[in-house]
Amino acid sequence: MKPLHIRPEVQAIRERLVSIRRDFHEHPEVSWQEVRTQERILERLRELGLSDVRPIASTGATALIEGGKEGGKRGPCVLWRADMDALPVPEKSSLSFASRNEGVMHACGHDAHMAIALGIAEVLAARRESLRGSVRMVFQPAEEAAGGAQACIADGVLESPHVSTALGLHISADIPIGAINVAPGPFFAAPTAFRITIEGRGGHAAAPHQSIDAVVVAAHVVTALQTVVSRSVAPSESAVLTVGKVAGGFRGNVIAESATMTGTIRSYTDAVRTAMLQRTEEIVAGVCAAFQATYAFEQSTSCPPLVNDPGVTEFVRGEAAAFFGPQSIVAVPTMGAEDMAVFLQERPGCYFWLGARNEAKGIAGRHHDPAFVIDEDALAVGVEFGLRLIEGRLAVR
């Protein structure tokens, strides 16, 4: 990794960035319950003297940094988005700032996203007179659930002023600090959740011929569904089907009358998603018919695929090459889902992964894991690179 040049204004707030991130980490709140988190963010935005500081999307927050140069208020507006919610995951770590909220943890880095966004706001607030344009800061609730991004947009964050570019980042536990993962086009998948309920006929375990065992049917369904991607999706396409939970039965000597399965389908296009859903239900129907069982199939898609604008992404890659070095840029789309996609449906923009892994320090966690951990040096790196992107879009240099 080449030495990264981080400006003195960012170096000066390193400790505050860590403190803010640790405070959020210690007090995590799940989707639509980010009440304390919202209060802390609004308090800090007001301390910075920003414009249009207000709650949005029930438990979110926004503020506007208005440029002071000639044409500043009429110039372009860049939106910077950070998500806020934690996960219903019990933390298993020895950190001094481990979660105080039982069963809830920032296991995906949203605490870092908020700290980085507040750091960007602090530096820009101090030099707002140099901006030819404005910056809309958006702190979005409920990324891990559904509807947070849509609610922010409904509360007007893309207008007054009109947003021209949308930017954001996600901390990555998979790539090393000092590296970035970004690519044009589909970069995150559209997630479709499904639920399958199988109805058989219960009975005594000693008389299986009198019953229709829903657990056996479910087992055959799970196995058969493994062919949806391998035999029904073109090898040139990317797709995932996972059955994450199976439940059925009462006890060992009772044949289950019903069983349920929940899972997810991931794809980059609506055509592949539609084909996978159709094939999934066909398989469920066929297996159930073979065993004389019945079924119900439910599905819902919470957000579209995240598609990075080619032009904005080329700009981000250029800035990354100058800051991180060309050798530190990777382009690996993910089957994960991210509702930043909703903003990018409305405005051209780019969302990217920022490295926070550091195996030399023993920091090599996994997202959504109870032992998730990041290298906090990534906070200042995120602020510096975020500033470079915003300044580049506003032609501040």
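Within the stretch 229-250, identify whether any single residue is in a loop (DSSP other than H, G, I, E, B), over 20 Å from the mean Cα position of the chain (by Cα) and acidic (Asp, Glu), and answer yes or no. The answer is yes; a qualifying residue exists.
Cβ-Cβ distances below 8 Å connect the following pairs, each with a first residue in the stretch 89-105 that is free of Cβ contacts under 8 Å to residues at least 60 places away in the same chain, a second residue that is part of a loop (DSSP other than H, G, I, E, B) and surrounded by 12 or more Cβ atoms within 10 Å (Cβ to Cβ), and a separation of six or more residues or different chains: 102/90; 103/88; 103/89; 103/90.
Assess whether residue 298 counts as being among the acidic types (Asp, Glu) and surrounded by 15 or more Cβ atoms within 10 Å (Cβ to Cβ). No; evaluated as a whole, the condition is false for this residue. Restricting attention to the stretch 30-60 and to residues that are of a type in the set (A, V, I, L, M) and part of a helix (DSSP H, G or I), the residue that is surrounded by the most Cβ atoms within 10 Å (Cβ to Cβ) turns out to be 41.
Flag not set for residue 255, criterion: in contact with a Leu (Cβ under 6 Å, 6 or more places away or on another chain), at pLDDT 95 or above and either closer than 23 Å to residue 219 by Cα or not aliphatic (A, V, I, L, M) (or both).
Just to verify a result, which residue in the stretch 317-348, among those that are among the acidic types (Asp, Glu) and out of contact with any His (no Cβ under 8 Å at 6 or more places or on another chain), is surrounded by the fewest Cβ atoms within 10 Å (Cβ to Cβ)? Ranking the qualifying residues of the stretch 317-348, first place goes to 346.
Being out of contact with any Gly (no Cβ under 9 Å at 6 or more places or on another chain) and not in a helix (DSSP H, G or I) is the filter here, so list the residues in the stretch 4-29 that pass it. Those that are out of contact with any Gly (no Cβ under 9 Å at 6 or more places or on another chain) and not in a helix (DSSP H, G or I): 5, 6, 7, 12, 27, 28, 29. Contact map, the stretch 272-285: first residue closer than 10 Å to residue 297 by Cα, second residue among the β-branched types (Val, Ile, Thr) and in a helix (DSSP H, G or I), Cβ cut-off under 6 Å, separation 6 or more or different chains; pairs are 280/228; 284/221. Read through the list (1) farther than 23 Å from residue 299 by Cα; (2) surrounded by fewer than 17 Cβ atoms within 10 Å (Cβ to Cβ); (3) of a type outside the set (S, T, N, Q); (4) over 28 Å from the mean Cα position of the chain (by Cα), then give the number of the only condition that residue 256 fails. Here residue 256 clears every test but (2).
Just the residues that are buried (at least 22 other Cβ atoms within 10 Å of the Cβ), of a type in the set (Asp, Glu) and in a loop (DSSP other than H, G, I, E, B), please, taken from the stretch 102-143. 143 - this is the single residue of the stretch 102-143 that is buried (at least 22 other Cβ atoms within 10 Å of the Cβ), of a type in the set (Asp, Glu) and in a loop (DSSP other than H, G, I, E, B). Just to be sure, is residue 31 at pLDDT below 95 and within 27 Å of residue 371 (Cβ to Cβ)? No. Go through the stretch 124-136 and count every residue that is at pLDDT 95 or above and of a type in the set (D, E, K, R). The total comes to 1.
In this structure, residue 63 does not satisfy being within 24 Å of residue 354 (Cβ to Cβ) and either without any contact (Cβ under 8 Å) to a residue 40 or more places away in the chain or not in a strand (DSSP E or B) (or both). Answer yes if at least one residue in the stretch 185-197 is part of a loop (DSSP other than H, G, I, E, B) and without any contact (Cβ under 8 Å) to a residue 60 or more places away in the chain, and no otherwise. No; the residues of the stretch 185-197 include none that is part of a loop (DSSP other than H, G, I, E, B) and without any contact (Cβ under 8 Å) to a residue 60 or more places away in the chain. Just one residue in the set 121, 207, 112 is at pLDDT 95 or above, at negative phi and outside the structural domain of residue 378 (by TED's automatic domain parsing); that residue is 207. If the condition is being more than 16 Å from residue 172 (Cα to Cα) and among the hydrophobic types (A, V, I, L, M, F, W, C), then the stretch 307-339 contributes 307, 312, 315, 316, 321, 322, 323. Yes or no: the stretch 280-296 includes at least one residue that is within 30 Å of residue 330 (Cα to Cα) and assigned to a strand (DSSP E or B). Taking every residue of the stretch 280-296 in turn, none turns out to be within 30 Å of residue 330 (Cα to Cα) and assigned to a strand (DSSP E or B).
The listed residues are 249, 244, and the only one of them that is on the phi > 0 side of the Ramachandran plot, in the same structural domain as residue 201 (by TED's automatic domain parsing) and without any contact (Cβ under 8 Å) to a residue 60 or more places away in the chain turns out to be 249.
Of everything in the stretch 74-90 that is surrounded by fewer than 24 Cβ atoms within 10 Å (Cβ to Cβ) and in contact with a Pro (Cβ under 7 Å, 6 or more places away or on another chain), the residue that is farthest from residue 388 (Cα to Cα) is 90.
Here is the figure for the stretch 222-241: residues that are within 25 Å of residue 257 (Cβ to Cβ), free of Cβ contacts under 8 Å to residues at least 60 places away in the same chain and surrounded by 13 or more Cβ atoms within 10 Å (Cβ to Cβ) total 2.
The values are calculated or read from the model by the stated rules, or taken from the named source; none is laboratory data. Predicted model, so just to flag it, every value in this text is computed and none were measured. Neighbour counts run over all protein chains shown; Cβ positions are idealised from the backbone, glycine included.
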